[in-house]
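The values are calculated or read from the model by the stated rules, or taken from the named source; none is laboratory data. Since the structure is predicted, the reported quantities are computational estimates derived from the model, not experimental observations. Using ideal geometry, Cβ is built from the backbone for each residue, glycine included, and neighbour counts are taken over all protein chains shown.
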Amino acid sequence: MNNRDTLLIAHRGATGVDERHVRRASAALDHALPIWVDDHLHARDVAAACSDVRRLAVAGGSGTFRAVVEGLIAAGRLEDVELLPLRLGSGNVIARRLGHGFAIRGWGDATEALPVIRCRAHDEMGRPWEGHALGLVGLGTIAQAPDDVARLRPLLRRLPTAWRERCNALAYAASFAGRTPHAHHEEVTLHLEGERIVCPMVAGLLTTGSLREIPVAPEPGHLALALLGPASRRTIAKLLARVRPEVATWRADLPLSADLALRLAWRSQAPQRIFLDEDPHWVRGPLDVTLAGFAQVVRGGAA
């Protein structure tokens, strides 16, 4: 018998999700009620409608998890629901950030308040747009990588989870390295705490998570911002191994608080490609970044 206050949202399109995995996950998680969703928008709508649920497990990747968080934000329940990301997507950035392994053993008692950053801009039609991220936001050239990686998803489905994650990370690095030497250097203006900083940008990265692949990640309770300027092929080789602080045109660690207010404005009025936790979007600037709140997530060791 399924537990009605414990749900399992399963994304059909996620590379590691199938009925066998979902059945096993449900049984291990106190017989959580499985709800299948077709895409991220569907996942967000289901999460927004979960008015009485206390615990939500998410079978999918970081994009699916982010969509569920957005649904809880829309319902005003971000800090009321305990969340568990299962390692069943392509990159599983958030699940790995929290220290989860491949086996699903139960909910456990250890939780963590994971910061959620809010990004506001306008869509291609000039309408207000809002998105959220728990791990990272990519700007400029690096934001084109999700489209390149998406073409590999049919191949990634055939791989075991560990290899799928490694290949996903390598595909992102290869896309970024291949595009950057030929990239247009979009001038960006950064507004922060009354300061105005102008610099050329090939790519930018905002991150709230401590990820092994991104050594510019912040200390706990901080938001890291790194803007990369024009780079040679030799510099790109360094970037593949490690995004070094000295490579960044501009870099900062910002305390995450309710007072956080960051604005990035592009010189061009054309739509810009960005991604939120591997989910790409087209937006028109400026991009305003604030703290939306904290999601209550299960830490590794429980799953």
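Considering only residues in the range 194-219 that are at pLDDT 80 or above and outside any strand (DSSP E or B), the one that is nearest to Glu112 (Cα to Cα) turns out to be Thr208.
Please find, within the range 118-142, the residue that is nearest to Cys199 (Cα to Cα) out of those that are part of a strand (DSSP E or B) and among the basic types (Lys, Arg). Within the range 118-142, the match that is nearest to Cys199 (Cα to Cα) is Arg120. Any residue that is buried (at least 24 other Cβ atoms within 10 Å of the Cβ), basic (Lys, Arg) and at pLDDT 90 or above - is there at least one of those in the range 52-70? Scanning the range 52-70 turns up at least one residue that is buried (at least 24 other Cβ atoms within 10 Å of the Cβ), basic (Lys, Arg) and at pLDDT 90 or above.
When Arg97, Arg105, Arg87, Arg24 are checked against the criterion of being closer than 26 Å to Ala258 by Cβ, in contact (Cβ under 8 Å) with a residue 60 or more places away in the chain and not small (Gly, Ala, Ser), Arg97 stands alone in meeting it. Considering the range 28-47 alone, what residues qualify as being assigned to a loop (DSSP other than H, G, I, E, B) and under 26 Å from His281 (Cα atoms)? Once the filter is applied, which keeps residues that are assigned to a loop (DSSP other than H, G, I, E, B) and under 26 Å from His281 (Cα atoms), the range 28-47 yields Asp38, Asp39.
Could you check the range 48-85 and list, in sequence order, the residues that are polar (S, T, N, Q) and either within 24 Å of Pro146 (Cβ to Cβ) or not in a loop (DSSP other than H, G, I, E, B) (or both)? Talk me through it step by step, then tell me what you get.
Pass one, the range 48-85, residues polar (S, T, N, Q): 51, 62, 64.
Ser62, Thr64, listed by residue number.
Restricting attention to the range 162-191 and to residues that are at pLDDT 85 or above and of a type in the set (Val, Ile, Thr), the residue that is farthest from Ser268 (Cα to Cα) turns out to be Thr189.
Filter the range 98-128 down to residues that are more than 15 Å from Arg66 (Cβ to Cβ), under 19 Å from the mean Cα position of the chain (by Cα) and modelled with pLDDT of 95 or more and give me whichever is surrounded by the most Cβ atoms within 10 Å (Cβ to Cβ). Among them, the one singled out is Ala121.
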